[in-house]
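The next block holds one structure in the form of structure tokens; read it before the comments.
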Amino acid sequence: MKVVHVDAEGTRRCYLEDSRGDDEFLVSAGSGKNNYLFWTPLATLRALGAEDAPLDGRALRAWLDGERGAPVTPPARASVTWTSKRFGGAVYRVKAGAVGAWRCCVAYDDGTIERGVRYNRVAWDDANDGEAHAPWADAPNPKKRKTDDDPAAAARRAARGDAVRPLLPRGRGGAAEDVAAFFAFVHERQEIWRKRATGGDPPWTDDGLLREYVFCNNYRELDRGTIYFRRCVEQRKRSRAAKRGAAEAPEAAFKDALWESLAYRLLNKIETFASAWRPGGGIPSPEPKSWNAFAAFLRDAHARGPIFSNAHQTMGLERYLATMGDVRARLGALGAEVFALRGDVEAVFKKLRTLNNVGPFLAWQVVCDLFESDVLDAAATEDDWVMLGPGAKRGLARCFGKVHPIDELDLAKLLASVQRDAFRSLGLDFAFFAGKRLTLKNVEHCLCEFEKYRNNGAGMRRYASRAHLDADVVCAVCEDATDAKDADLLLCDLCNVPLHTFCLDPPLDRVPETAEWLCPACAGRWASSK
């Protein structure tokens, strides 16, 4: 009899997850959100099972609900995944307890069971390649942090906690070590940017997680996706100004930026917009000729490969086109309504949430893009309000422990307000981009990345360069096609506009040696936002 079974298509029926003693087992039944975990004796499994037939999870769950009452509460953060066939039987794993560790059980076809053993991911991957499973103690996980069993590490954490504790309000001093860890992470991520920007050789950090996985820049302005968006906005502004002989009216510029952000962020894949759907690519305008050409390109490209970023695959092409069709039809009235609210960040966010298929995450990204486009009212600042997403809230919990929702925004503002003193107290020389502190908007960004970091990079994609997107650029002044590696060509760190040193006004004698360089337009806007 098989006490654990997965059918040929891999459909979940009933899994063995763990054991205690010789005859009591932790069994999961159901799937997805309806998954149940039970401790049950082997006799129950044998009574419910049939020779050479799968043990049905629903039958087990119904029996246990009827005979033994409600199921036990699943372990915190437990998730169950069927992995592979091994040792003549099936191997199953449950993620529980320490992140990065797997509690595994093996059920052999002859009915015998190997109790749960902890394996790290490296050992697990090696096993799936045909190597022997290595116990946790024999194959330490390189991602797993040293904890208090390492006196030196504990002493360093305590010292850092003591350094930042005076910056925290009464009642929050116990979180000092974790708050210090947050600022240490933010500093190390910024050091990667600084070393890379100044031409340092990789790897730019000794931190294994930061070296191996993709973590966004502390400043949202420096992420490639935001840079591409800003570049498209600046190109549109220059084009419109050249045609009309003057800059756009504020409300018209606002509507253009709103459209561009929605069209871009719902796909969120640079390569889709940078492709040859028209000469030079870019974000389409809502005008019929431009939008219809882009829609036709998307239908053709979608048949050949992905057109959305990994985080936006659930949108779907038809849903995207329908959503943007609705925005096109409403753009005049919608733009006017949002424009009227441009001095209130939270009000703009709430208005955007009324759009079909625009959830809180996307609405906040659009608000951020409106900041980047310099179309919000001067009274609205990046420190007024922020939409704390699930990742940022978990990041706050990493810093302060359990946080009441009413306190979340205040704690995020606290981190933003003490940053300079925190870096100074920790003895860290933070490379503030162009001298600007991290705004509340960017602190939210950092909290989300900190959560991923403290989660040991689980579920993150590995680092891969996208420098090819900077190739074959053209100076925005002389329009001379030049390789981006040309010694006389500069790329603005904020909008990625390419400019020759000798095309600037006044011209530069040489390439600046600073970590950052801003084109004249971005330099003026950035200075006014400090």
Q.
Checking Ile192 against (1) under 23 Å from Phe432 (Cβ atoms); (2) in contact (Cβ under 8 Å) with a residue 40 or more places away in the chain, only one condition comes out false. Which one?
A. (2)
(Q) Suppose we filter Ile307, Ile227 for residues that are among the hydrophobic types (A, V, I, L, M, F, W, C), under 27 Å from Phe349 (Cα atoms) and not in a helix (DSSP H, G or I); which single one remains? (A) Ile307
Q | Number of the exception - Ala252 against (1) assigned to a helix (DSSP H, G or I); (2) over 27 Å from the mean Cα position of the chain (by Cα); (3) small (Gly, Ala, Ser); (4) not assigned by the TED database to the domain that holds Leu321 | A | (4)
Q.
Taking the criterion of being surrounded by fewer than 14 Cβ atoms within 10 Å (Cβ to Cβ), at pLDDT below 95 and outside the structural domain of Asn218 (by the TED database), would at least one residue in segment 177-194 satisfy it?
A. no
Q. If we scan segment 443-454, do we find a residue that is assigned to a helix (DSSP H, G or I), modelled with pLDDT of 95 or more and among the aliphatic types (A, V, I, L, M)?
A. yes
**Q.** Members of segment 396-442 that are more than 22 Å from Arg194 (Cβ to Cβ), outside any helix (DSSP H, G or I) and not charged (D, E, K, R)
**A.** Gly401, Val403, His404
(Q) Looking at Ala476, Ala416, Ala422, Ala481, can you tell me which residue is among the small types (Gly, Ala, Ser), at pLDDT 65 or above and over 31 Å from the mean Cα position of the chain (by Cα)? (A) Ala476
Q.
I'd like to know if segment 231-243 contains one or more residues that are touching a strand residue (DSSP E or B) at 6+ places or on another chain (Cβ under 9 Å), closer than 26 Å to Ala434 by Cα and at pLDDT below 90.
A. no
Q: Taking only segment 359-395 into account, find how many residues are assigned to a loop (DSSP other than H, G, I, E, B), closer than 24 Å to Lys452 by Cα and not aromatic (Phe, Trp, Tyr).
A: 7
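Only one residue in Lys243, Lys289, Lys255 is charged (D, E, K, R) and within 21 Å of Leu362 (Cβ to Cβ), so which one is that?
Testing whether each residue is charged (D, E, K, R) and within 21 Å of Leu362 (Cβ to Cβ) leaves just Lys255.
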Q. With (1) surrounded by fewer than 19 Cβ atoms within 10 Å (Cβ to Cβ); (2) of a type in the set (S, T, N, Q); (3) in contact with a helix residue (DSSP H, G or I) (Cβ under 7 Å, 6 or more places away or on another chain) as the list, and Ser373 as the residue in question, which single condition is left unmet?
A. (1)
Q) Does Gly343 qualify as being touching an Asp or Glu at 6+ places or on another chain (Cβ under 6 Å) and of a type outside the set (Ser, Thr, Tyr)? A) yes
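Residues are listed down the side, and each one gets a yes or a no for (1) of a type in the set (Phe, Trp, Tyr); (2) within 27 Å of the chain's Cα centre (by Cα); (3) assigned by the TED database to the domain that holds Asp223:
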site	(1), (2), (3)
Leu267	no, yes, yes
Phe297	yes, no, yes
Asp300	no, no, yes
Tyr320	yes, yes, yes
Thr323	no, yes, yes
Q: Starting from segment 320-342, take each residue that is without any contact (Cβ under 8 Å) to a residue 40 or more places away in the chain and over 11 Å from Lys255 (Cα atoms) and list its partners that are part of a helix (DSSP H, G or I) and among the hydrophobic types (A, V, I, L, M, F, W, C), counting only C-beta distances under 7 angstrom and pairs at least six apart or across chains.
A: Leu321/Ala295; Leu341/Ala347; Leu341/Val348
Q: Considering every residue within segment 279-289, establish whether at least one is touching a Cys at 6+ places or on another chain (Cβ under 7 Å) and at pLDDT below 95.
A: yes
Q.
Residue under question is Ala311, and the condition is that it be surrounded by fewer than 15 Cβ atoms within 10 Å (Cβ to Cβ), within 27 Å of Asp374 (Cβ to Cβ) and modelled with pLDDT under 90; does it hold?
A. yes
Q. Which is of a type in the set (Asp, Glu), in contact (Cβ under 8 Å) with a residue 60 or more places away in the chain and at negative phi, of Asp150, Asp201, Asp178, Asp207?
A. Asp178
(Q) Suppose we filter Ser261, Ser275 for residues that are within 22 Å of Val358 (Cα to Cα), of a type in the set (S, T, N, Q) and either in the same structural domain as Gly305 (by the TED database) or in contact (Cβ under 8 Å) with a residue 60 or more places away in the chain (or both); which single one remains? (A) Ser261
Q. Hey, any hits in segment 332-346 for a residue that's part of a helix (DSSP H, G or I) and within 20 Å of Ile270 (Cα to Cα)?
A. no
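The values are calculated or read from the model by the stated rules, or taken from the named source; none is laboratory data. Fair warning: this is a prediction, and the values are worked out from it, not measured in the lab. Please note: Cβ atoms are built from the backbone with ideal geometry, for glycine as well, and neighbour counts cover all protein chains shown.
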